[in-house]
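Please read the structure below before turning to the comments.
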Amino acid sequence: MGVCPKDGDGTPIMPPGNFGGNLDVRQLTIGTKLYLPVQQAGALFSCGDGHAAQGDGEVCVSALECPMYASLKFTVIKASEKSIPSPQFQTKGGLTQKVNHDDFYGTTGVGPDLMTGAQEALRAMIDYVSETYNIEKIDAYLLASLCVDLKISEIVDAGEYVVSALLPLSIFNDSQE
C-alpha cells in the first residue's frame with residue numbers, strides 16, 4: 001500500500017520507501033488505519049500483494065500470498081493537522097489477536113540501515129505521543145523506553161528495510177481495574 005513518491009515517474013513500489021509501497025508490515029490488517037505522507041498531487045494510492053499470513057520481517061521474500069479484496073475509505077488530513085515522515089498506523093483489536101485485544105499505534109522508519117530506521121520510527125513515535133497526548137518530548141521518549149516495541153517488519157526488498165515502533169494505546173486508558 002502506498003502513494004506516489006515525490007518526483008515519482010514510473011518508480012517501482014519495491015523496495016518500499018517513506019511513501020509506502022511494498023509495505024509488508026504484518027500488523028496492517030482488517031480495520032487498521034494507515035497514514036501515508038502525500039508527496040504528489042492526487043496521492044495516486046495503490047495496493048496489492050495480499051498475505052494470508054506473514055512473520056515479522058517476511059524473511060524469505062514471500063509470505064502466504066492470497067487474493068485480496070478490499071473496501072477502503074480515504075480521508076485527507078492536512079499537513080498542518082498531522083505531519084508524518086513515513087507510514088504510520090493504528091491497529092484495530094490488538095497486535096496479536098490471541099494475546100492482546102487492545103489497539104496499538106505504529107510508526108515506521110524505512111531505509112537501507114536498520115539502526116537509522118529504528119531511530120526514525122522512534123522519533124516519529126515520540127512526536128506522535130507528544131502531539132497527541134500533550135506530553136513533553138523528553139517524557140514521551142522515556143515512555144517509549146518503557147512500553148514501545150521495535151519490530152523489524154520487513155527486510156526482503158532490495159536492501160530497504162522497514163522498522164516499526166508499536167505503542168499499546170491501553171496505557172492511556174483512564175479506567176482502573
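The values are calculated or read from the model by the stated rules, or taken from the named source; none is laboratory data. Given the structure is predicted, the values throughout are model-derived calculations rather than measurements. When we count neighbours, we look across all protein chains shown, and the Cβ atoms used for this are built from the backbone with ideal geometry, even at glycine. Ligands, DNA and RNA are stripped out before the accessible areas are found, and what is left, the full protein with its side chains, is counted by its heavy atoms. Shrake-Rupley method; radii C 1.70, N 1.55, O 1.52, S 1.80 Å.
The table that follows gives values for the structure above.
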item: Solvent exposure ordering (accessible area, 1.4 Å, most first) of Tyr35, Tyr141; result: Tyr141, Tyr35
item: Amide H contacts of Gly2 (H built 1.01 Å from N, under 5 Å, at least 5 apart or other chain); result: Gly21, Ser46
item: The chain: most fluctuating residue of Ile84, Ile155, Ile138 per GNM, C-alpha cutoff 10 Å; result: Ile138
item: Cα long-axis angle, helix 137-147 against the chain (0 to 90 degrees, to the nearest 10); result: 80
item: Using alpha-carbon coordinates, inclination of helix 114-133 to the longest axis of the chain, degrees; result: 50
item: Inter-label distance, nm, simple model (7 Å from Cα along the C-beta direction), Leu146/Glu65; result: 4.5
item: Spin-label model distance (nm) - Gln119 vs Ala53, 7 Å beyond Cα toward Cβ; result: 3.8
item: Fully extended contour minus Cα-Cα distance, from Tyr133 to Glu81, at 0.36 nm per residue; result: 17.3 nm
item: Share of carbon and sulfur in the accessible heavy-atom surface of the chain [1.4 Å probe, %]; result: 53
item: Which labelled figure in (1) 19.9, 77; (2) 15.9, 54; (3) 15.3, 44 is Rg and Dmax of the Cα atoms in Å, once derived from the coordinates; result: (2)
